[in-house]
Amino acid sequence: MARHKIDKVVLASGNAGKLREFGQLLAESGVELVPQSALAVPEADETGLSFVENAILKARNAAQYTGLPALADDSGIVVDALQGRPGIYSARFAGAAADAVANNRKLLHEMCDLPAAQRSAHFRCCIVFMRATDDPVPLIAQASWEGYILEQPAGAQGFGYDPLFFVPSHGCSAAELDAAEKNRISHRGQAMHRLQRLLQATKLLSSD
């Protein structure tokens, strides 16, 4: 497959928070990031059993409908005491139509009797870049962000489970971090940094 530098990519997500974070992470790359909702791309069926599988399904779906290179991430929170749940079901933990408030409420309910020592968790992110629908070698970058689940929400920044995720290195929740710092240390920020290096190594993104 011929390689040339990318200048426009479709983001396979309708999540406003993810769009904002990816936009910030790619701000200096010169790449135009277009949300799939702006191109009338239907949501992919997330039938995979892992973050990697779901990210590939979403990227391929976006590339198929637009003819553009596609960027997709699948991410979620993994709680040790819950045997890894919510995991890939993080966005719909409280039901298919659940919002972040409902998901957070359910997580707190399921962990209500757990002491601090048993509230360890991590965010997991897998990002996939596909040049085209039939790309045989999609680029895949993954990262984790370790922390703990708080007993009640704290902070008003971020999205999703951020208000419940305590970051030991900073002594606050992910929702209390400013955007730049969160992008620097988060699971998504780390994974995106790794993907940028892969794109540069394959000459698809300038290293300047």
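None of the figures in this text is laboratory data; all of them are computed from the coordinates on show. Everything quoted here is computed from the prediction, not taken from an experiment. Positions of Cβ are backbone-derived with ideal geometry, glycine not excepted, and every protein chain shown enters the neighbour counts.
Note down the nm distance, to one decimal, between modelled labels 7 Å out along Cα→Cβ at E110 and at R20.
A separation of 2.6 nm, rounded to one decimal place.
Kindly rank 135-145, 48-58, 119-129 from highest to lowest mean number of other beta carbons found within 10 Å of each residue.
Per-residue mean Cβ counts within 10 Å order the peptides as 119-129, 48-58, 135-145.
Per residue of the chain, what 222 nm ellipticity follows from adding -39500 (n - 2.57) for every DSSP H run with n ≥ 4, rounded to the nearest 500?
Calculated at 222 nm, the ellipticity per residue is -9000 deg cm²/dmol.
Compute the Kirkwood hydrodynamic radius of the range 69-110, taking the inverse of the mean of 1/r over all pairs of distinct Cα atoms, and give it in Å to one decimal.
10.9 Å
Counting other C-beta atoms within 10 Å, which of M192, M111, M130 has the fewest, and how do the rest follow?
By the 10 Å Cβ count, ascending, the order reads M111, M192, M130.
R197 to Y89: FRET efficiency via 1/(1 + (r/R0)^6), r the Cβ-Cβ distance, R0 22 Å, to the nearest 0.05?
E(calc), rounded to 0.05, equals 0.15.
Using the 2.2 N^0.38 Å rule of thumb for compact globular proteins, work out how the range 115-171 stacks up: its C-alpha Rg over that value, please.
Its radius of gyration relative to the 2.2 N^0.38 Å reference: 1.56.
Hey, rough spin-label estimate for S169 and E146, points 7 angstrom out along Cα→Cβ, what's it come to in nanometres?
Result for the modelled spin labels: 1.1 nm.
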